[in-house]
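Enquirer: Here's a structure for you.
The values are calculated or read from the model by the stated rules, or taken from the named source; none is laboratory data. What you see is a predicted model; the values in this text were computed from it and never measured. Methodologically, a virtual Cβ is constructed for each residue, glycine included, from the backbone with ideal geometry; neighbour enumeration extends over all protein chains shown. Surface areas here come from the heavy atoms of the whole protein model, side chains and all, with no ligands, DNA or RNA. Shrake-Rupley method; radii C 1.70, N 1.55, O 1.52, S 1.80 Å.
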Amino acid sequence: MSSPLKSLFRGAALLPGETGRFAMLLSGGILLLAVLPILTMIVMSFSGASNLDFPPASYSLQWYKAAWNTFVSPDASDVLSLGQALTTSLLVATLSMLFATLVAVPAAYALVRCEFRGKAAALQLMSLPLVFPMVVLGLALLLIFDSLPFQLNTSRLVIAHVILALPFVVKNCTAAMLSIGSEVEEAAQMLGASPLRAIVDVVVPLMRSGILAGMLLAFIISFNEFTVTYFLYNIDVMTVPIWMYSRTVSSLDPTVFSFAVLIVLIDFALIWALEKLVGEGGVSF
Amino acid sequence: MSGLVLENVEKHYGSACAVTDVNLHLPEGKLVCFLGPSGCGKTTLLRMIAGLETLSDGEIRLDGEDIGHTPAHQRNFGMVFQSLALFPHMTVGENIAYPLRLRGVSKADQQARVTELLQLIQLQEMVDRPVAKLSGGQRQRVAIARAIAARPKLLLLDEPLSALDAKLRESMQVEIRQLQQRLNITTILVTHDQREAMTMADIVVVLGEHRVQQVGTPIEIYRNPANAFVADFIGSGNIFPAIALGNGRVSLPGGAAIQVPICESIQAGTSIKMLVRPEDLTLSLPQATAGNRLQGTVTFVRDSGATIETTIDCSGVSLTALSTPCQGIGLAIGNPVSVTIPAEACRVLTA
C-alpha cells in the first residue's frame, strides 16, 4: 500500500492499534467490493470502443450520444421505446408507492396500538416477501393473473410491486409509530377530537418522517424491480429494467451502460432525498 | 345533585381488580385530590372519569346526567397528562387553539382566547415557539392553558408535576391552586405526594388497596385518620399495638401504661392500635415516670438542620419524635431520655 493512503487510513482509524487498522482495511475492502460494479459500469459507459472489453481501449461520449438518439428517435427494431418504458416505470412506481403507503399507515397503527388475535401471524405474513424467492413469487403471480377472467396490464405490476414494497413501508411506519406515546392521542381526544380525528391531526403528522421514508423506499424498490416484473410484463407494458434487459439479450451494446448510469443517478438522488428528509438512522431497510 | 357523582364504580381487568366500590360526591368548584400509593387505582379512576377507560360497573353522573358511557371527546373535560402530551408538531399557540379549532371557533376568536390564556400563564411572547423549545415549567403552563381553553366542565390532572424538580414543583402547586380558585373550575388532581395534596386540595380522597379509604379535608385526614392504612400513608406516624385496661388506661407492649381518655369506652382487654404524630411527642432529660411520661433510650438521631428526628426505644415500642433545633436537648445514641405522650394527641385506629 502506498504511504499516503496508509496515513489516510491511520488518520481515520476509529479504534487504536492493530485492531483499528484491521477493521479499517476490512471495511474499506468490503465498501470497494460494493461500489466496484457501479464504478465498472460508469467506466464502461464512457468507452470509445465498440465492444465490451474492460478496461476500454479508448474513451468517448459515443454511447451517451447513441443513448440520446434512442431516446429521441426510437429504433424501429425496438418493440417499445425507452420513453414509453420510462413512463410505465414512473407510473407503476408512483402508484405502488401510494397504495403501499395507504395500506402501511393503518397497518402500522394497528400493529403498534391494538392487541388482536393473529397479530404475530400478520407480522410474519407481512415480511414474507422479504424471504420468499422472487422467481417463485413472480411465477405464482403470473398464474394468478392469467387465471383471472379479465386482463390486467399496468395494474398487475402495481399489485406485485406493492407486495414487494409493503414490508419496508410497514417497517418504517411501525418504527415511527413506536415512538409516539398513546398519551398525545388521548390528549387530542380529551380536547374534543374523535378517535379518527386524533389520528389524522396528531398521529399521522408525528409519523411523517417514517411515512416519507417508506414512500421513497417503495418508489425505489418498484423503480428497480426486475425479477417479478419479468414474469408479468408484456409487449405493451414494460418497465425500464426490463427494457434494458431486452436490449442486452438481443445485442449487448454499451448504450445500456449509459442508461444504467442515468438510473443510478436517479436512485442516488432519491436516497439522498430520503436521508435529508428523515435524517441519519431514521430509515430501516 | 350538582357536581360529579360516582356510584359503585368498579374496574377490573380480567380477574384483576383495579378499583372497586367507589362512591364519591365531588362538589362544584372544589379541588379534589386522589391520593394513594402507586398501584392503588387512582389513575384508573381518573381515566374512567375522563372516558379513557370503560366502567366495569357503576355510574358516573355530572350535574345529574349519566356520562359513564359518553366517549371521551364528547365529555368536554380538560386533562393534563403526566407526560403533558403537548403536540410536538405544533407551536404553543396552535396547541392552545387546537380544542377551539375542533369546535369550529372562528380564527379571530381563537386568536383572542389564545392571547387571553397566554396572558393568564404569562407566556405572551411564546405564542409562535415550538413546544420543544420551552422549559419544563413553561410546558406545564401551556398544557394547563390548552386543557382549559375550551372552558371544560371539569379539569383532570394526572400527576402533572411529577416530572419537575422539587423547587419548581412547589411553586407550580401554588400557581395551579390559585388558577383553579380564580377560574372556580371543579378539578381532580391525582398524586402520590401527600404534601402536594395538603397544599392544593379542598378535599382529599385517600385510595389504597383498590378502594376508597377516607374522604375529608387535608387536616381531617391528617389529624383523624380513619384507619391504620390512612394513618400510615399520610405523614409519618408512630403506630403501635396496645391493650386497653379500662377507665382510659392503656398498656404498651413493654408493660408501661398511659392514660388516654378516648379509650374510656373500650372494653378492658381489647387489643388496639394507637397513633401518635412525631411532632406531638415531647422529649426531656430523664425525670421520674409520672402521668404519660415514660423512660426510653435514644436509638437514632437524624438532624436535618431544620428539624431533629429522634428515635427512642420506649417500653418495647420504637417511637420517633420530631423537634426543632431550639427544643433540642442535645441527645446522642444510647442516652436515656423521658418521653411525654400527650393524651389528647393519641388516636385509636381500627385495623
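Enquirer: Indicate, rounded to the nearest 5 percent, the antiparallel portion of the DSSP beta bridges found entirely in chain B.
Expert: Close to 75 percent.
Enquirer: Give me the mean projected area, in nm² to one decimal, of the convex hull enclosing the Cα positions of chain A.
Expert: Values: hull surface 87.3 nm².
One quarter of the hull surface, i.e. the mean projection, equals 21.8 nm².
Enquirer: Calculate, for segment A:79-282, the solvent-accessible area per residue in square angstrom, rolling a 1.4 angstrom probe over the heavy atoms of the protein chains. Spell out each step's value before the answer.
Expert: Details: 9590 Å² over 204 residues.
Computed with neighbouring chains in place, this is 47 Å² per residue.
Enquirer: Still on this structure, please answer the following. When the distances between all Cα atoms of segment B:25-112 are binned every 10 Å from zero, what whole-number percent does each bin get?
Expert: 13, 36, 33, 16, 1
Enquirer: How large is ³J(HN,Hα), in whole Hz, for each residue of segment B:281-297 in order, when computed from phi with the Karplus curve 6.51 cos²θ - 1.76 cosθ + 1.60 and θ = phi - 60°, using x for Gly and Pro?
Expert: After applying 6.51 cos²θ - 1.76 cosθ + 1.60, I find 7, 10, 9, 8, 4, x, 9, 4, 4, 7, x, 9, 9, 10, 9, x, 10 Hz.
Enquirer: Let me ask something else. Assigning unit charges at the beta carbon (Lys, Arg +1; Asp, Glu -1) and nothing else, what dipole magnitude in debye, to the nearest 20, does segment B:75-167 show about its Cα centre? Mind showing how you got there, number by number?
Expert: On the way: 13 positive and 8 negative charges, 50 e Å.
My answer is approximately 240 debye.
Enquirer: Charges at C-beta only: +1 for Lys and Arg, -1 for Asp and Glu. How large is the resulting dipole of the protein assembly as shown about its Cα centre, in Debye rounded to 20?
Expert: Here the size comes out at about 600 debye.
Enquirer: Let me ask something additional. Suppose R0 equals 30 Å. What FRET efficiency, 1/(1 + (r/R0)^6) with r the Cβ-Cβ distance, do A:L36 and A:F71 give to the nearest 0.05?
Expert: E between A:L36 and A:F71, to the nearest 0.05, is 0.60.
Enquirer: Can I ask one more? Expressed as a rounded percentage, what relative contact order does segment B:57-134 have, with Cα pairs under 8 Å and six or more residues apart?
Expert: 32 percent
Enquirer: In addition: Rounded to the nearest 100 Å², what is the buried accessible area between B and A, both sides summed, probe 1.4 Å?
Expert: So the total buried area for this chain pair works out to about 1800 Å².
Enquirer: Leaving out ligands and nucleic acids, and using a 1.4 Å probe, what accessible area per residue does segment A:18-60 come to in Å²?
Expert: 68 Å²
Enquirer: Separate question: For segment A:18-60, just the Cα set please: Rg and Dmax, both in angstrom.
Expert: Answer for segment A:18-60, Rg first and Dmax second: 15.2, 47 Å.
Enquirer: Per residue of segment A:257-273, what does 6.51 cos²θ - 1.76 cosθ + 1.60 with θ = phi - 60° give for ³J(HN,Hα)? Whole Hz please, x for Gly and Pro, Karplus curve as stated.
Expert: Values per residue, Gly and Pro as x: 5, 5, 5, 4, 4, 4, 5, 4, 4, 4, 4, 4, 4, 5, 5, 4, 4 Hz.
Enquirer: Further question on the same structure: Could you work out the mean count of beta carbons from other protein chains within 10 Å of each residue's beta carbon in B:142-150?
Expert: 1
Enquirer: In Å², what does the accessible area per residue of segment B:201-261 work out to with a 1.4 Å probe?
Expert: 41 Å²
Enquirer: In Å, what Kirkwood hydrodynamic radius results for the protein assembly as shown from the alpha-carbon pair distances?
Expert: 31.7 Å is the Kirkwood radius here.
Enquirer: Considering the dipole of chain A built from charges on the beta carbon (Lys and Arg +1, Asp and Glu -1) around the Cα centre, which of A:A160, A:L52, A:P129 is farthest to its positive end?
Expert: Checking the options against the dipole of chain A, the answer is A:P129.
Enquirer: Roughly how big is chain A's charge dipole about its Cα centre, with Cβ charges of +1 (Lys, Arg) and -1 (Asp, Glu), in debye to the nearest 20?
Expert: 400 debye
Enquirer: Calculate how steeply helix B:136-148 sits against the longest principal axis of the alpha-carbon atoms of chain B, using the helix alpha-carbon long axis, and give the answer as 0 to 90 degrees to the nearest 10.
Expert: Result, in degrees: 60.
Enquirer: Something else: Give me the net charge of B:Q124's neighbourhood, meaning all other residues with Cβ under 15 Å from the Cβ of B:Q124; Lys, Arg count +1, Asp, Glu -1. Walk me through the numbers before you get to the answer.
Expert: Working: positive: B:R113, B:R129, B:R141; negative: B:E116, B:E125, B:D128.
Cβ neighbours under 15 Å give a net charge of 0.
Enquirer: Which whole number gives the average, over all residues in B:288-297, of C-beta atoms from other chains lying within 10 Å of the residue C-beta?
Expert: Counting other chains' Cβ atoms within 10 Å and averaging over B:288-297 gives 0.
Enquirer: Check which residues have an amide H placed less than 5 Å from B:L154's amide H, if you skip close sequence neighbours.
Expert: B:G78
Enquirer: At A:R21 and A:A49, where each label point lies 7 Å from the Cα along Cα→Cβ, what is the point-to-point distance in nanometres?
Expert: Output for this residue pair reads 3.8 nm.
Enquirer: Here's a follow-up. In peptide B:74-82, what is the residue-averaged number of other protein chain Cβ atoms found within 10 Å of each Cβ?
Expert: That average works out to 3.
Enquirer: Using 7 Å Cα-to-Cβ label points, what is the B:T297/A:L90 separation (nm, one decimal)?
Expert: 9.4 nm
Enquirer: Could you work out [θ]222 nm for chain A from helices alone, using -39500 (n - 2.57) per DSSP H run of at least four and dividing by all its residues? Round to the nearest 500 deg cm²/dmol.
Expert: -24000 deg cm²/dmol
Enquirer: Which cross-chain or sequence-distant (5 or more) residues have an amide H under 5 Å from the amide H of B:R249, H modelled 1.01 Å from N in plane?
Expert: B:V260
Enquirer: Take the solvent-accessible surface of the protein heavy atoms, probe 1.4 Å, and return the percent of it on chain A that carbon and sulfur atoms account for.
Expert: 71 percent
Enquirer: Taking amide H positions as placed in the peptide plane 1.01 Å from N, state which residues far from A:S47 in sequence (5 or more) or on other chains have amide H under 5 Å from it.
Expert: Here A:S60 satisfy the definition.
Enquirer: Relative contact order of chain B: what whole-number percent is it, with Cα pairs under 8 angstrom and at least 6 residues apart?
Expert: Reported as a whole number, the value is 15 percent.
Enquirer: Also, quick follow-up: Can you give me the distance in nm between label points at B:L285 and B:T115, each placed 7 Å from the Cα along the Cα-to-Cβ direction?
Expert: It is 7.2 nm.
Enquirer: Going by alpha carbons, how many degrees (0 to 90, nearest 10) lie between the helix axis of A:134-147 and the longest principal axis of chain A?
Expert: Once rounded, the angle reads 70 degrees.
Enquirer: May I pose another question? What FRET efficiency do you get for B:E220 and B:H25 if R0 is 22 Å and r is their Cβ-Cβ distance, rounded to the nearest 0.05?
Expert: So, using R0 = 22 Å, E works out to roughly 0.85.
Enquirer: Here's something else I'd like to know. Run down the lysines and flag those whose C-alpha is under 16 Å from the C-alpha of B:K133, throwing out any fewer than 8 positions away in its chain.
Expert: none
Enquirer: Alpha carbons only, please: Rg and Dmax for chain B, in angstrom.
Expert: Gyration radius and largest Cα-Cα distance of chain B: 24.8, 80 Å.
Enquirer: Right, next: Just to verify a number: what accessible area does A:Y109 come out at with the full protein assembly present, 1.4 Å probe, Å² rounded to tens?
Expert: The value for A:Y109 is about 50 Å².
Enquirer: Highest first, please rank the peptides B:103-110, B:130-137, B:241-248, B:312-319 by the mean number of other Cβ atoms sitting within 10 Å of their residues.
Expert: Values: B:103-110: 11.8, B:130-137: 14.2, B:241-248: 15.9, B:312-319: 19.5.
Listed from highest to lowest mean packing, they are B:312-319, B:241-248, B:130-137, B:103-110.
Enquirer: Let me ask something additional. Percent of accessible area on segment B:1-88 owned by carbon and sulfur, 1.4 Å probe?
Expert: That fraction is 44 percent.
Enquirer: Let me ask something else. Using just the helices of chain B, give the 222 nm mean residue ellipticity in deg cm²/dmol: DSSP H runs with n ≥ 4 each add -39,500 (n - 2.57), and the total is spread over all residues, rounded to 500.
Expert: Computed ellipticity for chain B at 222 nm equals -7000 deg cm²/dmol.
Enquirer: Next question. Relative to the longest principal axis of the C-alpha atoms of chain B, give the angle of the C-alpha long axis of helix B:107-120, reported between 0 and 90° and rounded to the nearest 10°.
Expert: Orientation of helix B:107-120: about 20 degrees from the principal axis.
Enquirer: Right, another one. Average projected area of the Cα convex hull of segment B:271-347, in nm²?
Expert: Its average projected convex-hull area is 5.2 nm².
Enquirer: With θ taken as phi - 60° and the coefficients 6.51, -1.76 and 1.60, list the Karplus ³J(HN,Hα) couplings across segment B:23-30 in order, rounded to whole Hz; mark glycine and proline as x.
Expert: 10, 9, 10, 9, x, 5, x, 9
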